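> Dropping a structure here in structure tokens format, bear with me for questions.
The values are calculated or read from the model by the stated rules, or taken from the named source; none is laboratory data. No experiment lies behind these values; they were computed from the predicted model shown. All Cβ positions, glycine included, derive from the backbone under ideal geometry; neighbour counts span all protein chains shown.
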Amino acid sequence: MITTSIATTTGLPADHQRTVLVADPALSHSCALVHYFVDKGFKILLATTADGVRSFLSSRSIDFAMLEVRFPDGCAFDLVSEIRAANPRSRILIHSAYCNLPVAVAAAKAGATDVLPKPVETEFLLQLLLGRQCDLETLAKPLPCPDAIRKEHVRTVYADCGWNIARAARQLSMHRRTLQRMLQRTDMLVSASSRFH
């Protein structure tokens, strides 16, 4: 197991540094992505195993987390839930070579903020992690917005259930009222009179 903490050299007090947990078996403390975050003024916690992630959670506050899906000793979905429980306000990004719709849905259910497939421009990755407006023109190839992926999955399940909110909520493992509010908020709620038009 390799776990590394890299402090920035910005001169700011430690409590002013935003902490990013980077969890990926393929990364090391010498990789360009880690140094990019360091240069931007972040404190980096690097873990290559699920146990490494948990060791940081037991002793550190996490502002941002970026995780691969697969680890030699576990998967990211359990880790996302644990990070979310320990750090309710953190932004959690799944950045993985194994991204697909089921992964995006499982990550969202576990508490991830966003899901992004590899590879992607580092600046875009940082902006998404920070929750800022992203310039899609900086991407090497167009990607669907994670919100759009989740919305499309909900819409598909809702339609497959005959526009029945209770059935769709069971399929999505959601509370019926939560789903109803989501459908109303995203203008996907279908009235009985409009189902056949």
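> Applying the selection to segment 95-117, what residues are over 19 Å from Met174 (Cα atoms), surrounded by fewer than 17 Cβ atoms within 10 Å (Cβ to Cβ) and touching a residue at least 24 places away in the same chain (Cβ under 8 Å)?
Those that are over 19 Å from Met174 (Cα atoms), surrounded by fewer than 17 Cβ atoms within 10 Å (Cβ to Cβ) and touching a residue at least 24 places away in the same chain (Cβ under 8 Å): Ala97, Tyr98.
> Another question, if that's okay. Given the structure, is Arg89 assigned to a loop (DSSP other than H, G, I, E, B), basic (Lys, Arg) and under 17 Å from Leu130 (Cα atoms)?
yes
> Only one of (1) at pLDDT below 90; (2) of a type outside the set (A, V, I, L, M); (3) assigned to a helix (DSSP H, G or I); (4) closer than 17 Å to Ala85 by Cα is not met by Tyr36, so which one is it?
Just one mismatch for Tyr36, condition (4).
> Still on this structure, I have one more. Please determine whether any residue of segment 71-94 is more than 26 Å from Thr156 (Cα to Cα), surrounded by 21 or more Cβ atoms within 10 Å (Cβ to Cβ), in contact with a Pro (Cβ under 7 Å, 6 or more places away or on another chain) and free of Cβ contacts under 8 Å to residues at least 60 places away in the same chain.
Checked segment 71-94: at least one residue is more than 26 Å from Thr156 (Cα to Cα), surrounded by 21 or more Cβ atoms within 10 Å (Cβ to Cβ), in contact with a Pro (Cβ under 7 Å, 6 or more places away or on another chain) and free of Cβ contacts under 8 Å to residues at least 60 places away in the same chain.
> Follow-up question, since we're still on this one. Quick check on segment 1-27: of everything there that is part of a loop (DSSP other than H, G, I, E, B) and at pLDDT 85 or above, which residue is surrounded by the most Cβ atoms within 10 Å (Cβ to Cβ)?
In the first step, residues of segment 1-27 are kept if they are part of a loop (DSSP other than H, G, I, E, B); the result is 1-2, 7-13, 17, 24-27.
Now restrict to residues that are at pLDDT 85 or above: 24-27.
Details: Asp24: 23, Pro25: 16, Ala26: 10, Leu27: 19.
Among them, the one singled out is Asp24.
> Please go through segment 170-184 and give me each residue that is farther than 16 Å from Asp160 by Cα and either loosely packed, with under 10 Cβ neighbours inside 10 Å or hydroxyl-bearing (Ser, Thr, Tyr) (or both), ordered by number.
Answer for segment 170-184, where residues must be farther than 16 Å from Asp160 by Cα and either loosely packed, with under 10 Cβ neighbours inside 10 Å or hydroxyl-bearing (Ser, Thr, Tyr) (or both): just Thr178.
> A further question on this structure: Are any residues in segment 160-169 exposed (fewer than 12 other Cβ atoms within 10 Å of the Cβ) and assigned to a loop (DSSP other than H, G, I, E, B), and if so, which ones? Lay out the reasoning, then the answer.
Let us first name the residues in segment 160-169 that are exposed (fewer than 12 other Cβ atoms within 10 Å of the Cβ), namely 162, 166.
Within segment 160-169, just Gly162 meets the criteria.
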